[in-house]
Amino acid sequence: MRVTFPHMGNLYIPVKAMLDHLGVEVVVPPPSSKKTLSLGAKYGPEFACLPMKLNLGNFIEARELGADTIIMAGGRGPCRFGYYAQIEHTILRDIGCDMQLIVFEPPERHFSELLVKIKQISGSRSWWQVIQAVRFGYQKARAVDEVEMAALKSRPREVTPGSTDTAQKEALHLIEAASSRSELTEAIKKAGAIMSEVKVEKNKPVVKIGVVGEIYTLLDPFSNQYLERRLGKLGAEVNRSIYLSEWVNDHIFMGLVKGMRSRKETCGAAFPYLRHFVGGHGQETIGSSVSYARSGYDGLIQVLPFTCMPEIVAESILPEMSADYGIPAMTLIVDEHTGEAGTLTRLEAFVDLLERKKETREALYS
């Protein structure tokens, strides 16, 4: 069994760590690229969302590298993501890429439901080994998120352009290379030191932007046109509404890890604009937007794939919420036709708007 999985930002680091810990042979698909997207768009349904097309391209490229088994998350509710694993499996079989599919559905009530699925690919490994592998993978996910958070904070303030990107790459490499808990502990310390060594202008005025939306396009830089990096270089500090470790804690660990943002609190903040679940992360998008507005953020950017139904619902509500709190909001819809130049122009104009608005506000109260 040679296992592969979708490429979604830095997801590959914790997932590979977990599978390596279980002695499973892993085939990490190449980072998503124009070739990946071309393959997915060629064989996928025209009006399927961007994540599905990229996943399909990931699997085709992984098959070329020898993968024979796919593991993928499932889903339920109005979001079409719950159907994608089966649809992609059928498409792959039709084009001659016959691969085994194992779907990890979100546990209904107990974490043990997930462990049973993991045991399916771990063979003779004991339950204790499975639990330790999951724990190790989660620790890496949290470490990766902390590096990303540090990069989002330092990038708009860096003295030397590009120094944050260099440090982030080095820090993530250390975390990825750690093969045991002791090595990971040491790697986390070194990664933190590397990120803290980036020279920054601590008092540099920056605008703060909350980025909300659908999880794949939030976490995957290729699909969102490297949004966070572009905003940082434009002088904006970004806070992302969803991090991988938070999603795992909410949806798989059932909130077992304390001290982290929770879906329940976020959805509570969505009242009175959106009172019920609409699939995907639609309710969280509104709730996170309200939280950012209450916290004094200067602007909001919603990112979603073209045709994403839950985010379309959120998009229709966002203008009312934006007007109520007086916070500018921009929606960025992405698909295989999205151009980099157009995206950059919109981001430059939006950041300029926020900077002028902030300067005016500060002048009035100074």
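Rule-based calculations on the coordinates, nothing more; no lab input. Quantities reported herein were computed from a predicted structural model and do not represent experimental measurements. When we count neighbours, we look across all protein chains shown, and the Cβ atoms used for this are built from the backbone with ideal geometry, even at glycine.
What whole-number value in cubic angstrom gives the convex hull volume per residue for the C-alpha atoms of segment 2-125?
104 Å³
Just order 96-104, 290-298 by mean Cβ neighbour count inside 10 Å, highest at the front, would you?
Listed from highest to lowest mean packing, they are 290-298, 96-104.
As an exercise, take the mean of 1/r over every pair of distinct alpha carbons in the chain, invert it, and state the Kirkwood radius in angstroms.
It is 21.4 Å.
Determine, for each peptide in 33-41, 234-242, the mean count of other beta carbons within 10 angstrom over its residues, then list the peptides with the highest first.
234-242, 33-41
At q = 0.15, 0.21 Å⁻¹, what log₁₀ I(q)/I(0) does segment 205-303 have when each alpha carbon counts as one equal point scatterer in the Debye sum?
-0.61, -1.13
Which pairs break 26 Å Cα to Cα here: Lys16/Lys189; Lys169/Lys199; Lys202/Lys264; Lys169/Lys189?
The answer is Lys202/Lys264.
From the C-alpha coordinates alone, can you work out the Kirkwood hydrodynamic radius of segment 238-366, in Å?
By the Kirkwood definition, the hydrodynamic radius is 16.0 Å.
For the chain, what does -39500 (n - 2.57) per DSSP helix run (n ≥ 4), summed and divided by total residues, give at 222 nm, in deg cm²/dmol to the nearest 500?
-17500 deg cm²/dmol
Specify the inter-centroid distance of segment 41-59 and segment 252-328, based on alpha-carbon positions, in whole Å.
26 Å
Return the distance in nm (one decimal) between the two label points of a simple spin-label model at Glu348 and Lys117, each offset 7 Å from Cα along Cα→Cβ.
Those two pseudo-labels are separated by 4.4 nm.
Name the long-range amide H neighbours of Val207: under 5 Å, sequence gap of 5 or more, or other chain; modelled H, no Pro or chain starts.
Distant-sequence amide H within range of Val207: Glu237.
Which values, in whole Å and largest first, are the semi-axes of the equivalent ellipsoid of segment 138-203 obtained as the square root of 5 times each eigenvalue of the Cα gyration tensor?
23, 10, 9
Say each of Met1 and Glu186 gets a label point 7 Å from the Cα, pointing the same way as Cα to Cβ; how far apart are those two points in nm?
3.2 nm
Calculate how steeply helix 112-122 sits against the longest principal axis of the alpha-carbon atoms of the chain, using the helix alpha-carbon long axis, and give the answer as 0 to 90 degrees to the nearest 10.
The angle comes out near 60 degrees.
Can you give me the distance in nm between label points at Trp127 and Tyr83, each placed 7 Å from the Cα along the Cα-to-Cβ direction?
3.7 nm
To test your reading of the geometry: what angle, between 0 and 90 degrees and rounded to tens, separates the Cα axis of helix 181-196 from the longest principal axis of the chain?
Orientation of helix 181-196: about 20 degrees from the principal axis.
What number comes out for the charge environment of Asn55, summing +1 per Lys or Arg and -1 per Asp or Glu over other residues with Cβ under 12 Å away?
In short, -2.
What's the ranking of 315-326, 11-22 by average number of surrounding C-beta atoms within 10 Å, highest first?
My ranking of the peptides, most packed first, is 11-22, 315-326.
Relative to the first principal axis of the alpha-carbon coordinates of the chain, what is the inclination of helix 163-177, with its axis defined by its Cα atoms, in degrees from 0 to 90 and to the nearest 10?
For 163-177 against the chain, the angle is about 20 degrees.
Could you give the length gained on full extension between Thr338 and Arg361, defined as 0.36 nm per residue of separation minus the Cα-Cα distance, in nm?
Extending this stretch completely gives an extra 4.9 nm.
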